[in-house]
Amino acid sequence: MTFKELNLREEILSAIGELSFEFPMPVQEKVIPFMLEQNSDLVALAQTGTGKTAAFGLPLLNMIDANRKQVQALVLAPTRELCIQISNDLKNFSKYLHTRVVPVYGGEDIRTQLKQLDQTPQIIVATPGRLIDLIERGKIKLENINYLVLDEADEMLNMGFKEDIETILKETPETRRTTLFSATMPAEIARIAKKYMKDHEEITVGSKNSGSDNVSHIYYVSQAKQRYLVLKRIVDLNPDIYGIVFCRTRQETKEVADHLMKDGYNADALHGDLSQAQRDTVMQKFRIRNIQLLVATDVAARGLDVSDLTHVINYNLPDDVEIYTHRSGRTGRANKKGVSVSIIHSKEKFKIKDIERMLRKNFEQQQIPNGLEVCKKQLFHMIDKMQQVEVNEEQISPYMDQIMKQLEYLDKSELLKRFVSLEFNRFLDYYKDAEDLNYHERDRGMKRDDRGDRGDRGNRGDRGSKRGDKIRFKMNIGNKDGINPSRLLGIINDVVGDKTISVGDIEVTNKFTFFDIFADQSDKIINAFADQKDIELGVARESKGYSESSGKRRPESGKRRTDRPYNSDGGYRRKSSGDDRKSSGGSWKPEGNNERKSESRRKTSGSDKPWRNRR
Ligand code: AMP
């Protein structure tokens, strides 16, 4: 099908021709003829980025009488950014018509908009709040409109515009024709459609709720504390990534973005603590690809419309499937392929199943790549770039003789090796000891491996790489309580109930004892000591959680570990309670954590000589 076959005016065909719209997109093939030929209302289920704006915009412009100086069509959109974008699109489509389009939205001086409204436009594109304001001021009258479009209706409801929408609907004549676009179909949309729309038809582009077919959904399973490292691996595995990392809270957004920036990534944060001007700046930088990774909350990202994202990363899975649909619908737009990646921990697999069911899509679990795979990917990316680089002969030629002379003793392979090393050594270095971030059953509490450790206490030799990182623990008993290394081991055996815990370096001070345990045994010891009344056990300092080996992207060296915002389980540091907590730089929250256990530890803090008391 061609646009010409859709019976659009010549002026419109010329304008969209200039925009290189060759063939109608699926939503346009369905919606344009409907709006032009049918007299009833329409509910269209379609994702953003599927060509919706032209789907309703082209028929609107086709039907509107540019000689009639009256508002004939109203388009409602959830955010000022979408409002501006729709209005710009409509202006482009109507380049050869005389139709006037005016956007009105909050967050901008109302006087400018009032001036634009003075020369009555035929189409108003509005956000609900500002529109009501202007209606109340008597500056906009909707009594003559013929067409009403509700764009991203589900988003408008999510943003709390339900009452505003109903108020606006009541201001419009019953004779109007309504077209409602929504990515999802929550019950409230169905209710609005039933109450305010006449014999409406429903069109679905793609299957309901399913989102675009251009999006593949993948997930990685890791321990919660490794989430950030997994994110870095994903980004490193995709050197040309251009995507949004969705976080749950503003705080998390800031922290993840800060970490990425410190680690040398081209990232920034978008969240509600930023002023509108700051948000605009970040969004603009992202749009023009000055920023490669935008770390954002769902709410803050709402106004952002970018059609060529390669990836959407769910740093955390949202609780709501609809939110997942919205997030993933931000990639795979305009006929491009996209990937929606979720980083989950083992207990969240059921959530993936739920989303799969609702979306009727299969999610693929992928292995988190190891250091070698990432390095290979980066290396060949660099080689590709070298092949494609534009050589500026003119600027380089004055130096070529000298360069050739200086390097004449190197043959081609030696030259390439050096060139690659120059760029690549730091990366290789960074990933050479990279740990396996995939979740394994052995990562859970008591592991089968542990049984093999019997008798190995204190002799871990080179098993570090197999056992994971070491975690430094701190106990509130020391010399003054009669502790020495062998008594410490005795206590641990006693409390744990077997001899499976491998204890590394031990340091006994007057009041405290510090010792290392392999990360994969930490749950076990934590759980065992949780019920001890007199002994307080906490993490003294973190395992490697946030940095992998050394190298280019490592966080600033020399930075105190306790400066990191995460505690050892990858959760956020909670407020310290008690001296020990303060000095331990983070509280422990075992997987499957229960607050009762931490509570019991908290109660015991402050005991002067817990070990003696216990005895
Ligand atoms: P929308 O869903 O309206 O935001 O459109 C997504 C992107 O697709 C925008 O960049 C549009 O300019 C583009 N677009 C819309 N319709 C077509 C078409 N028929 N051919 C090519 N690009 C299109």
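Counting Lys and Arg as +1 and Asp and Glu as -1 over every other residue whose Cβ lies under 12 Å from the Cβ of His200, the net charge comes to 0.
When you count the other C-beta atoms within 10 angstrom of each residue and take the mean per peptide, 84-93, 369-378 line up highest first as 84-93, 369-378. Applying 1/(1 + (r/R0)^6) with r as the Cβ-Cβ distance of Asp494 and Thr120 and R0 = 56 angstrom yields a FRET efficiency of 0.05. Put simply, the amide H of Val75, placed in the peptide plane, has neighbours under 5 Å in Ile124, Val125, Ala126, Val149, leaving out anything fewer than 5 places away on its chain. Once both labels are positioned 7 Å from their Cα atoms along Cα-to-Cβ, the gap between Glu166 and Asp319 label points is 2.4 nm. Karplus-derived 3J(HN,Hα) values for segment 139-147, using 6.51 cos²θ - 1.76 cosθ + 1.60 with θ = phi - 60°, are 8, 10, 10, 9, 5, 10, 6, 9, 10 Hz; glycine and proline are entered as x. Averaged over residues, the count of other Cβ atoms within 10 Å places the peptides 405-414, 494-503, 193-202 in the sequence 494-503, 193-202, 405-414, highest first. For the set Phe419, Phe514, Phe363, solvent exposure ranked by accessible area (probe 1.4 Å, protein chains only) runs largest to smallest as Phe419, Phe514, Phe363. Straightening the chain between Thr175 and Lys349 buys 57.7 nm, computed as 0.36 nm per residue apart minus the Cα-Cα spacing. With 18 Å as the limit on Cα-Cα distance, the pairs of Lys232/Lys336; Lys4/Lys30; Lys115/Lys139; Lys412/Lys432 that go past it are Lys232/Lys336; Lys412/Lys432. Close Lys pairs in segment 344-386 (alpha-carbon distance under 26 Å; sequence gap of 8 or more, or different chains): 6.
The values are calculated or read from the model by the stated rules, or taken from the named source; none is laboratory data. Predicted, not measured: the structure shown is a model, and the values here were computed from it. All Cβ positions, even for glycine, are placed from backbone atoms using ideal geometry, and neighbour counts span all protein chains on display. Accessible surface is based on the protein model in full, side chains and every heavy atom, while ligands, DNA and RNA are left aside. Shrake-Rupley method; radii C 1.70, N 1.55, O 1.52, S 1.80 Å.
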